[in-house]
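This report refers to the structure that appears directly beneath it.
Taken together, the values in this text are just the output of simple stated rules run on the coordinates, not laboratory data. Computed from a predicted structure; not experimentally measured. Cβ atoms come from the backbone with ideal geometry, glycine included; neighbour counts cover every protein chain shown.
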Amino acid sequence: MRELPKIYDPKSVEQKIYQMWLDGGWFKAERDPEKKPFTIVIPPPNVTGQLHLGHAFDDTIQDTLIRYKRMKGFATLWLPGTDHAGIATQIKVEEQLRKEGLTRFDLGREKFLDRVWEWKEQYGSRILEQLQTMGASCDWSRLRFTMDEQCAKAVREVFVSLYEKGLIYKGNRIINWCPNCTTALSDAEVEYAEKPGHLWHLRYPVKDSDEWVIVATSRPETMLGDTGVCVNPNDERYTHLIGKTCILPLVGREIPIIADEYVDTEFGTGCVKMTPCHDPNDFEVGQRHGLEQILILDNDAKIINGGKYNGLDRYEARKQIVADLDEAGYLVKIEEHGHNVGTCYRCGTDVEPITSAQWFVKMEPLAKEAIRVVEEGEVKFVPDRFSKTYLTWMYNVRDWCISRQLWWGHQIPAWYCADCGHTTVSRDDAAECEHCHSKNIERDPDVLDTWFSSALWPFSTLGWPEDTEDLKYFYPTDVLVTGYDIIFFWVARMIFSGCEHMKKPPFHTVLIHGLVRDSQGRKMSKSLGNGIDPIEMIDQFGADALRFNLITGNSPGNDMRFYVERCEAMRNFCNKLWNATRFVMMNLTIDKNELPEKLELEDKWILSKLNALAKEVDTNFDRYELGVAATKIYDFIWDSYCDWYIELTKPRLNGEDEAAKISAQQVLLYVLTEILKLLHPFMPYITEEIFRALPHDGDALMIQTYPEFTDALNFPEEEAQFEIIMNAIRAVRSRRAEMNVPPSKKPRLIIVSPKADVFEKGTVYLSKLAYAGQVEIVTEVPADTEGMVNVVTDEARMFMPLSELVDLDKERERINREIGKAEADLAKIEAKLNNEKFVSKAPENVVAQEREKAAKARTLIENLKNSLEALG
RNA sequence: GGACGAUUAGCUCAGCUGGUAGAGCAUUCGCUUGACGUGCGAAGGGUCAGCGGUUCAAGUCCGUUAUCGUCCACCA
């Protein structure tokens, strides 16, 4: 038998164990027709990223589920991979280039992409290695990347088939433009921030008249692109102006005054300047009224088509234009006005609405099925409230802008003919225009939104569009685990993509978790410098401790604060389990894990509790209540097994009776082994390491069968009996603590109880755990108890001859206090039982429970009163 | 403007389908108790945000108010 060190050292264990799992090949998913599949695809982390606590949390949940299902006999596949993360990665490589004094344009597209691939080769596996330190049991043989050949094929197929169905189109529409990333963004990629601003009131003279209109704007510089002024048709102030024109100040352009219901008569002046190229609403109005479109900002948000302002940055232009308007007398007033500014979710730059030719996915037809599968429960969100979030979004979803003016990504498979103008969209790279067969064609330089390829992840990773064996066996996947922050980006798009291309939603459950925040509840971020590195936590406390910290103490969908102290507490728990094992091992003479024929009362108690635990844990897993399950296992190990059961076996282990010694070992070993199985999905490393050290069957703990409830080990009667003894022990300990009696002092303990037979079985426990010298069980109160310390429960009266410590007055006072409390309790219970409605309407077992409580309370009171009397 | 979440012990949070509250940390007291002081035993501490309702019974269900937070939409 191996000797274990006194303190558990995760560092010396984790790598070794992980290697052992890899060598065993147990992560590798096998398609087994005899088994049910259970599949999770990982939310692919950015290939250039580093593991942060959010990943650690997400991945711990997934690994726990996968390990549980694996032990439950499912053919499990946890498919790992990384995301090419278009903008994020491109920015990183461009930063690197900048240090060399280069831009991507200096290199050119091809060379730049080579550099990105180089970067990917260099850093792309870092996050995966970090994932491994967490203990992730991914099938690394199926590792995928959103830019690998297989995924590219899927992307191409999806793009072309959607195009053929008319669900992808190119259009000149208003989109969100990030001037820093110089690309279009989807609506989902814009974050809104409330910022203080102003409302400038500008005077636009009406042509051939002394009149003018005053428009209010928060973006005066966009006036350069104004092609109209709009009022509400029912606004009597302005009806006479409708159809007239005004002269745009500074520019001199003549622009029409139009009427549209869109204008709110209550807001501002009731007159709105129309800039169709740079405001989504103006764009819509402009379309309705055929307003001219004048683009006044280029890709860097500098003025174009703006005369003397050309080349100015948008904010610089604002200053100048306002100054010029003021000088020329067109500025009426400036009001303070807070407003929401859209910013780029990648770089934080203010986003500019710009009309631009981009590719879009037509969402309405796709959303229909994506709504149905959630409404009809084919896809369930846990917690359920997120289905509402999802549905609201899906109901109101607008067309998805999928083209990005980047180089890193899946290039759009569209070729434009210079001769006939036809667009060829093709699965294979086009060599000629499909319409006029001209070779004079050029490919669209843009790439697709990163989320376009992630949306296909649940089936592209399994081989689609090929009809592979993996796809047939593992699709649809089962559970998708992710944070609520990417429901729109990713979950929603996976669902409609799965429905459209696979005719089946990609998973039946979406398990949503919250964000990991710092100890003050702030989001962890680089700029705040409040991030905690999970690798550092693993280094300090072990992966198991980190995992347990993350999985407990939070509820699904809610954010959690991360406390390093909790990691420490969990590290202590590991150590506790480790030392329990040391205890078992140093007493172990058997080499086989089997239960004895004859079970003692305490054996039945612990086995029965363990059995009940297995059942509860199963239920909790079914409901995705992983934290609850983990806490129950923790409590069982620390309280039931360590603090009670191990202590209870000591008399047997140290006694003379060989058979008793063996049976204690057997139960200790059996329960410990079951504990390891129960705990393994949560704390894979330490449990596996301990399992190896114990006598065991099978190659590894991770492929053992998970414990299940069995009638054979259900002993409710014995459990209840043992609880009586435990209560007595607790009562004695409590009394002793109150009186400051040290454990070394072991007085005689006289027990008077109608349950003498139960206590008879418990004398050893009482002497061990209640520090009793000699335990005497009698049916009548002996005559000489006067002046002894009284300990009273509802099952027994106990006496300890510690008369030198007893202050009779204090003792009376204490007992009277206890009587008072017990009587108050009883009064409450009796009030309930005397309530006719309660007795008639409450379920029988509840009423019976109350009756039992009342009986116990009465006994307690009686016992206390007798004790009081006996004091004299 | 709309939706959602939170409000429980000093702090951070659990509490599943309603049956008079739990954990970790912190605090106090005691302990070389032959696995563990990263430990053991004991103790203190909560009108479960307020109000109203349903019910025999409400931290739990319903309504409402307040405070904080998140998301969505957005009127220039």
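Could you order the peptides A:832-843, A:171-182 from most to least packed, using the average number of other C-beta atoms within 10 Å per residue? Don't skip to the answer; put the middle values down first.
Working: A:832-843: 11.6, A:171-182: 19.8.
Averaged packing, sorted descending, gives the order A:171-182, A:832-843.
Provide the percentage of antiparallel DSSP beta bridges, counting only those with both residues in chain A; round to the nearest 5.
Working: 60 of 85 bridges.
Antiparallel: roughly 70 percent of the beta bridges in chain A.
Once you place label points 7 Å from the Cα toward the Cβ at residue A:375 and residue A:169, how far apart are they in nm?
2.4
Roughly how many nanometres apart are two label points built 7 Å out from the Cα toward the Cβ at residue A:804 and residue A:723?
Calculated label separation equals 4.0 nm.
About the Cα centre of the stretch A:755-854, what is the dipole size in debye to 20, counting +1 per Lys and Arg Cβ and -1 per Asp and Glu Cβ, all else neutral?
Magnitude of the dipole: close to 540 debye.
About its Cα centre, how strong a charge dipole does chain A have in debye, to the nearest 20, once Lys and Arg get +1 and Asp and Glu get -1 at the Cβ?
It comes to approximately 940 debye.
Taking 0.36 nm per residue of sequence separation and subtracting the Cα-Cα distance, how much length would be gained by fully extending the chain between residue A:236 and residue A:849, in nm to one decimal?
Here the answer is 213.1 nm.
Give me A:441, A:690, A:532, A:242 sorted ascending by neighbouring Cβ count inside 10 Å, so fewest comes first.
Placing the least packed residue first, the sequence is A:242, A:532, A:441, A:690.
Which of rounded, prolate, oblate describes the stretch A:279-330, given a ≥ b ≥ c as roots of the alpha-carbon gyration tensor eigenvalues and a/c under 1.5 marking rounded, otherwise prolate only if a/b is larger than b/c? Display every interim value, and only then the final one.
Values: a/c = 2.44, a/b = 1.49, b/c = 1.64.
Judged from the Cα gyration tensor, the stretch A:279-330 comes out oblate (a/c at least 1.5, b/c at or above a/b).
Mind checking which lysines have their Cα closer than 19 Å to the Cα of residue A:388? Skip sequence neighbours fewer than 8 apart in that chain.
Cross-link targets: A:368, A:380.
Using only the alpha-carbon atoms, how far is helix A:808-834 inclined from the longest principal axis of chain A? Give it as 0 to 90 degrees, nearest 10.
60
Between residue A:109 and residue A:195, take the C-beta separation as r, use R0 = 51 Å, and let me know the FRET efficiency to the nearest 0.05.
0.90
To the nearest 20 Debye, how big is the dipole of the stretch A:26-101 about its Cα centre, given +1 on the beta carbon of each Lys and Arg and -1 on that of each Asp and Glu?
360
Which of the lysines could a cross-linker bridge to residue A:837, judged by Cα under 18 Å and excluding same-chain residues fewer than eight apart?
Cross-link targets: A:828.
Run the simple label-point estimate for residue A:289 and residue A:12 please: 7 Å along Cα→C-beta, distance reported in nm.
It works out to 8.1 nm between the two label points.
Between the helical axis of A:658-679 and the dominant principal axis of chain A, each derived from Cα atoms, what acute angle in degrees is found, rounded to the nearest 10?
That works out to roughly 10 degrees.
Lysines near residue A:6 by alpha-carbon distance under 26 Å, same-chain residues fewer than 8 away left out - which ones?
A:16, A:576, A:592, A:632, A:650, A:661, A:677, A:768
When the helices in chain A are scored as -39500 (n - 2.57) per DSSP H run of 4 or longer and the sum is shared across all residues, what 222 nm value do you end up with, to the nearest 500 deg cm²/dmol?
Estimated from H runs of four or more residues: -13500 deg cm²/dmol.
Of A:425, A:299, A:575, whose Cα points farthest to the positive end of the dipole of chain A (charges on the beta-carbon: +1 Lys, Arg; -1 Asp, Glu; origin at the Cα centre)?
Looking along the dipole axis, the top candidate is A:575.
Taking every pair of Cα atoms in the stretch A:227-295, average 1/r, invert it to obtain the Kirkwood radius, and report Rg/Rh to two decimals.
0.94
Among A:391, A:136, A:435, pick out the residue whose Cα is farthest towards the positive end of the charge dipole of chain A, where Lys and Arg carry +1 and Asp and Glu carry -1 on C-beta, about the Cα centre.
Final value for the positive-end residue is A:136.
Between helix A:626-635 and chain A, what is the angle of the helix's C-alpha long axis to the longest principal axis, kept within 0 to 90° and rounded to the nearest 10?
Computed tilt is about 20 degrees.
Please sort by residue number the GluC sites (Glu not before Pro) in the stretch A:685-757 whose DSSP state is loop and whose Cβ has at most 16 other Cβ atoms within 10 Å.
Answer in residue order: A:708.
Give the relative contact order (percent, whole number) for the stretch A:13-158; include only Cα pairs under 8 Å separated by 6+ residues.
36
Using the structure shown, select from A:244/A:333; A:35/A:472; A:604/A:865; A:841/A:865; A:755/A:821; A:99/A:170 the pairs with a Cα to Cα distance greater than 26 angstrom.
In this structure, A:604/A:865; A:841/A:865; A:99/A:170 exceed 26 Å between Cα atoms.
Pull up all non-local amide H partners of residue A:277: gap of 5 or more, or a different chain, and H-to-H distance under 5 Å with H placed in the peptide plane.
Amide H to amide H, under 5 Å and 5 or more residues apart or across chains, residue A:277 pairs with A:294.
Towards the positive end of the charge dipole of chain A, with charges on Cβ (+1 Lys, Arg; -1 Asp, Glu), say which of A:593, A:5, A:445 has the farthest Cα.
Going by the Cα projections, it comes out as A:5.
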